[in-house]
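This report refers to the structure that appears directly beneath it.
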Amino acid sequence: MSEPYALAELLTRHAQIGRVEWIGLRPARKAPLETVDAADIDESGLVGDRHTSPGKRAVTLIQAEHLPVIAALIGADAIDPADLRRNIVVSGINLTALRKAELKVGGALVRVSGPCAPCSRMEKTLGFGGYNAMRGHGGWCAEVIAPGRVALGDPVEPSTD
């Protein structure tokens, strides 16, 4: 029988690295998100996104595995990531487990700062109950530590530096 792991060690263990599945830019307030294959991330967020401001909300991430949950909670077959107004959809690694951690997203380094709460627009976009379907599944905000480029298929993993 193996020795139990200390909590500090358990918090650093991830079964696999993640992957960038989708990238979206908001060109203007209330405008539909534009799906792109790649984007540059500078200190203020994704270049070309209208909501750019340095700080803890510069980039928004959402877990791909949560999209079917949100869909199920509103009785839909699927959810278009663009409807959720997040910048990057990530699969394969638990973003919740990475809160306050530095994360390599493609060529950029971000720090997951806190939950990205849904806004009231989700009720209109997703329909009745959309706001509550997003609660707990709305994704994460992150601040930019080091600029870089992110593209579809790029790895997403905790920084070991």
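The values are calculated or read from the model by the stated rules, or taken from the named source; none is laboratory data. The model shown is predicted, which means the values in this text are computed figures rather than measured ones. Backbone-built Cβ (ideal geometry, glycine too); neighbour counts: all protein chains shown. The area values use the complete protein model at the heavy-atom level, side chains included, leaving out ligands, DNA and RNA. Shrake-Rupley method; radii C 1.70, N 1.55, O 1.52, S 1.80 Å.
When you scan the stretch 127-135, do you find a residue that is aromatic (Phe, Trp, Tyr), in contact with a Lys or Arg (Cβ under 9 Å, 6 or more places away or on another chain) and open to solvent by less than 50 Å² (accessible area, probe 1.4 Å), even just one?
no
For the stretch 82-126, which residues satisfy the criterion of being among the small types (Gly, Ala, Ser), within 12 Å of residue 59 (Cα to Cα) and crowded, with 16+ Cβ neighbours inside 10 Å? Reasoning before the result, please.
Start the filter on the stretch 82-126 by keeping residues that are among the small types (Gly, Ala, Ser), which leaves 82, 91-92, 97, 101, 106-108, 113-114, 117, 120.
Those left that are additionally within 12 Å of residue 59 (Cα to Cα): 108, 113-114.
Of everything in the stretch 82-126, those that are among the small types (Gly, Ala, Ser), within 12 Å of residue 59 (Cα to Cα) and crowded, with 16+ Cβ neighbours inside 10 Å turn out to be 108, 113.
Can you report the number of residues in the stretch 59-75 which are within 25 Å of residue 27 (Cα to Cα) and surrounded by fewer than 16 Cβ atoms within 10 Å (Cβ to Cβ)?
The qualifying residues number 0.
May I ask you to list the residues in the stretch 13-52 that are hydrophobic (A, V, I, L, M, F, W, C) and under 12 Å from residue 88 (Cα atoms)?
20, 22, 23, 25, 33, 36, 38, 39, 41, 46
Scan the stretch 68-85 and report the pairs whose first residue is more than 11 Å from residue 126 (Cα to Cα) and whose second residue is open to solvent by less than 60 Å² (accessible area, probe 1.4 Å) and of a type in the set (Lys, Arg), with Cβ atoms within less than 6 Å and a gap of 6+ or a chain change.
Pairs that qualify, where the first residue is more than 11 Å from residue 126 (Cα to Cα) and the partner is open to solvent by less than 60 Å² (accessible area, probe 1.4 Å) and of a type in the set (Lys, Arg): there are none.
So, restricting to helices (runs of 4 or more DSSP H) that lie completely within the stretch 59-141, which ones have at least 3 residues that are modelled with pLDDT under 95? Give the steps one after another, and end with the answer.
Numbers: elements: 67-74, 121-126, 130-134.
Ranges flagged: 121-126.
Within the stretch 16-58, which residues are open to solvent by less than 70 Å² (accessible area, probe 1.4 Å), at pLDDT 95 or above and among the β-branched types (Val, Ile, Thr)?
20, 23, 36, 41, listed by residue number.
Just the residues that are out of contact with any strand residue (DSSP E or B) (no Cβ under 8 Å at 6 or more places or on another chain) and not in a loop (DSSP other than H, G, I, E, B), please, taken from the stretch 1-53.
Selection gives 7, 8, 9, 10.
For the stretch 142-157, name all the residues that are touching an Asp or Glu at 6+ places or on another chain (Cβ under 7 Å) and not in a loop (DSSP other than H, G, I, E, B).
144, 145, 149, 151
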